[in-house]
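Notes follow the structure.
The values are calculated or read from the model by the stated rules, or taken from the named source; none is laboratory data. Computed from a prediction, not measured in an experiment: that's the story for all the values here. Cβ atoms come from the backbone with ideal geometry, glycine included; neighbour counts cover every protein chain shown.
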Amino acid sequence: MSYFCVCVCVCVYIVQEDKNAATLLLQRDSAVYMDYSPRSVQSDGNCFFRCVALCLFGNQELYKYVRFIAAVEMIRHPAAYDVTSPTFALNGTTVITPPLRSLIRDTLTDGCYAELVHVFAVSSAVSMSVQS
């Protein structure tokens with residue numbers, strides 16, 4: 001079985017739009033297609049980080065840098081990402097997330113999938129909204 005990942009972003013770089021994803025998006029939610037453009041990224045467990053790298057830098061191969069800045073964000077602001085902290089960023093939600101140490105380890109491990117807290121860390125690290 002093969003998988004593919006598609007990110008939908010406001011992409012200012014010249015990167016080929018994914019025609020199959022564009023067709024599906026147009027059929028299912030044409031309003032989203034008017035604002036965003038789908039791009040394919042490699043499906044290797046780094047999809048989220050590749051999507052961010054593609055949208056920010058025009059090159060999905062910079063995903064390791066995105067992983068790194070997310071980890072630095074978690075290390076610099078541990079209370080926001082530690083599930084046991086009263087100031088955990090996702091307090092009051094039903095999101096289940098591993099302990100901070102595991103999150104940081106997974107963030108720095110090539111191929112580990114992103115969790116919601118990673119989306120928040122990347123968003124904070126680059127000071128931009130990230131939708132998932």
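Out of region 11-70, which residues are among the aromatic types (Phe, Trp, Tyr) and within 13 Å of the chain's Cα centre (by Cα)?
If the condition is that a residue be among the aromatic types (Phe, Trp, Tyr) and within 13 Å of the chain's Cα centre (by Cα), then Phe48, Phe49, Tyr63, Tyr65, Phe68 are the ones that fit.
Would it be correct to say that Val52 is touching a strand residue (DSSP E or B) at 6+ places or on another chain (Cβ under 9 Å), in contact (Cβ under 8 Å) with a residue 24 or more places away in the chain and of a type in the set (A, V, I, L, M)?
yes
Select from region 27-58 the residues that are in a helix (DSSP H, G or I) and polar (S, T, N, Q) and write down the one among them that is farthest from Ala121 (Cα to Cα).
Here the answer is Gln27.
Name the residues in region 27-54 that are charged (D, E, K, R), surrounded by 19 or more Cβ atoms within 10 Å (Cβ to Cβ) and modelled with pLDDT under 80, would you?
The one that is charged (D, E, K, R), surrounded by 19 or more Cβ atoms within 10 Å (Cβ to Cβ) and modelled with pLDDT under 80: Arg39.
Can you tell me which residue within region 13-26, out of those that are surrounded by 10 or more Cβ atoms within 10 Å (Cβ to Cβ) and in a loop (DSSP other than H, G, I, E, B), is modelled with the lowest pLDDT?
Of everything passing the filter in region 13-26, Tyr13 is modelled with the lowest pLDDT.
Got a number for residues in region 76-109 being touching a Phe, Trp or Tyr at 6+ places or on another chain (Cβ under 9 Å), part of a loop (DSSP other than H, G, I, E, B) and closer than 26 Å to Ser43 by Cα?
Count: 2.
Just one of (1) exposed (fewer than 13 other Cβ atoms within 10 Å of the Cβ); (2) modelled with pLDDT of 90 or more; (3) hydroxyl-bearing (Ser, Thr, Tyr) trips up Ser129, so point out which.
(2)
Just one of (1) in contact (Cβ under 8 Å) with a residue 40 or more places away in the chain; (2) in a helix (DSSP H, G or I) trips up Ser123, so point out which.
Of (1) in contact (Cβ under 8 Å) with a residue 40 or more places away in the chain; (2) in a helix (DSSP H, G or I), only one is false for Ser123: (1).
From the list Glu73, Glu61, exactly one residue is surrounded by fewer than 14 Cβ atoms within 10 Å (Cβ to Cβ) and not in a loop (DSSP other than H, G, I, E, B). Which is it?
Residue meeting the stated conditions: Glu61.
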